[in-house]
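Input: a single structure, listed below in structure tokens.
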């Protein structure tokens, strides 16, 4: 007589959603777009930096998940490097206008480094998009882009 293992079937309840309701994926990061030129420049910046590893890794992760387009084809409502963006932190209701800059240009009033938590979170977002992000000391951020007031690519300023 042969002794075998009998398959065990478990019945799980079927989860249904009302018509028109689509469950959100676990990863709530929106699709982002970066230009090939920004990616190339950021690669050079990252290669020569000794910043906190978590900030570098966050930026690298965003660069890897981004849809990469030509600097001549990026839509004008996308936050690229050296863009001036109006956004709101929905976690505290604070609205800000900042220019996203490379680390060596940061520190001037009205600028935010791409290596800062807020800078990395904004890069690649389009007007109307929101992203949940961990800020300094783990404070939650929920940033929503309201407007891109200036984008170099939309103005033909490819040298920035």
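Computed from the coordinates by the stated procedures, all read-outs in this text should not be read as laboratory data. All figures in this text were calculated on a predicted structure; none of them were measured in a lab. So basically every Cβ, Gly included, is an ideal-geometry build from the backbone, and we count neighbours across all protein chains shown.
Remark: C-alpha extents of the range 33-153 on the principal axes read 34, 32, 28 Å, sorted largest to smallest. Take the Cβ atoms of residue 75 and residue 108, set R0 to 35 Å, and the FRET efficiency comes out at 0.80. Cβ crowding within 10 Å ranks 141, 64 as 64, 141, fewest other Cβ atoms first. Note on residue 97 and residue 49: the model spin-label points, each 7 Å out from Cα along the C-beta direction, lie 2.6 nm apart.
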